[in-house]
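Remarks on the structure that follows.
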Amino acid sequence: MSPLISPSILSANFGHLEKDIEMINRSEADWIHIDIMDGVFVPNISFGFPILKYVAQLSEKPLDVHLMIVQPEKFIPEVKALGSKVMNIHFEACTHLHRVIQQIRDAGMEPGVTINPSTPVWMLQDIINDVYLVQIMSVNPGFGGQKFIPHSVEKVRQLRDLISQSGSKALIEVDGGVNLETGARLVEAGADVLVAGNAVFGSSNPAEAIWALKNL
Ligand code: DX5
Ligand code: ZN
């Protein structure tokens, strides 16, 4: 089955963001991936809600919002107001992860949980039946265009096993350094959703790059 593709606008050209979002609208992308960074949880700051309001208005694809911030529960109303489908928070940023997942669901969004490269998959075993998706970071979060960490493929396999053993319906999303080569290995290991920033926006034909990932 072909993977869902979620292009990350972190790598888009903010000088002509409208053009890049229209490209995504016309492409075979399934979602649009939005990276929110706070300069605390990760060593970078991306963009905030005033810009995202504009992105949300332009996008015809469901929003896949990845929050790399501390205390993400504080922003559930703002993420909801964007009309987001998925609100994806970091395992490492939430002391009371179970509660925050319920709060996201109660707000009418699909809860996602992301794990950093140093967090083992088995840490998710008590939460796997409560989430819509698990995102595996295949780079250390904070920047686009980084090199793929090969061990992430093994983590996708482990997560696929955990999901089938627990009867969970969680989707497996992978974020960081995804291109045609790493994407093929991830899909083979059981990934359902591929996030791609540089592989799309660094290409001379971004819509074709999305098509190629979709048709791996
Ligand atoms: C990194 C972000 C990613 C990033 C991916 O912290 O979460 O979504 O945009 O970019 P690439 O695909 O270039 O690694
Ligand atoms: Zn991301």
Residues whose placed amide H lies under 5 Å from that of A196, excluding near-sequence neighbours: S6, S8
Simple spin-label estimate for W211 and T95 in nanometres, 7 Å along Cα-Cβ: 5.1
Fraction of antiparallel bridges per DSSP, the chain only, in percent to nearest 5: 5
Computed over the chain: relative contact order in percent, which uses C-alpha pairs under 8 Å that are six or more apart: 23
Q125 versus S203: modelled label distance in nm, points set 7 Å from Cα along the beta carbon direction: 3.9
Distant-in-sequence amide H partners of I34 (H built 1.01 Å from N, under 5 Å): D64, V65, H66
Whole-Hz ³J(HN,Hα) from phi, Karplus 6.51 cos²θ - 1.76 cosθ + 1.60, for the stretch 67-81, glycine and proline x: 9, 9, 9, 7, 6, x, 4, 5, 10, 4, x, 5, 5, 4, 4
Sorted peptide list for 167-176, 41-50, 152-161, criterion being average Cβ within 10 angstrom, highest first: 167-176, 152-161, 41-50
Most mobile of I51, I34, I89 in a GNM of the chain (Cα contacts under 10 Å): I51
Local net charge near G190, Cβ-Cβ under 9 Å (Lys/Arg +1, Asp/Glu -1): -1
Positive minus negative residues near G48 (Lys, Arg vs Asp, Glu; Cβ under 11 Å): -1
Convex hull (Cα only) mean projected area of the stretch 4-214, reported in nm² to one decimal: 10.3
Straight-distance crosslink candidates among aspartates and glutamates, where the alpha carbon sits under 16 Å from K214 and sequence neighbours closer than 8 are dropped: E28, D30, E173, D175, E181, E188, D192
Contour minus Cα-Cα distance for D106 and E28 (0.36 nm per residue): 25.1 nm
Helical contribution to [θ] at 222 nm, DSSP H n ≥ 4, -39,500 (n - 2.57), averaged over the chain, rounded to 500: -10000 deg cm²/dmol
Within the accessible area of the chain (1.4 Å probe), percent carbon and sulfur: 52
Long-range HN-HN contacts of A191 with modeled amide H, under 5 Å: none
³J(HN,Hα) computed for each position of the stretch 199-207 - Karplus, 6.51 cos²θ - 1.76 cosθ + 1.60, integer Hz, glycine/proline x: 5, 8, 7, x, 8, 6, 9, x, 5
Environment charge of A93, counting only residues whose C-beta is closer than 10 Å and scoring Lys/Arg +1, Asp/Glu -1: -3
Hz values of 3J(HN,Hα) by residue in the stretch 185-197 - Karplus curve (6.51, -1.76, 1.60), Gly and Pro given as x: 5, 5, 5, 4, 7, x, 6, 9, 10, 10, 8, 9, x
Förster radius 22 Å - calculated FRET efficiency between K74 and Y54 (Cβ-Cβ, nearest 0.05): 0.50
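The values are calculated or read from the model by the stated rules, or taken from the named source; none is laboratory data. Here the structure is a predicted model, which means the values were calculated and not measured. Don't worry about glycine lacking a Cβ; one is built from the backbone with ideal geometry, like all the others, and counts go over all protein chains shown. Heavy atoms of the whole protein, side chains included, go into the accessibility calculation; ligands, DNA and RNA do not. Shrake-Rupley method; radii C 1.70, N 1.55, O 1.52, S 1.80 Å.
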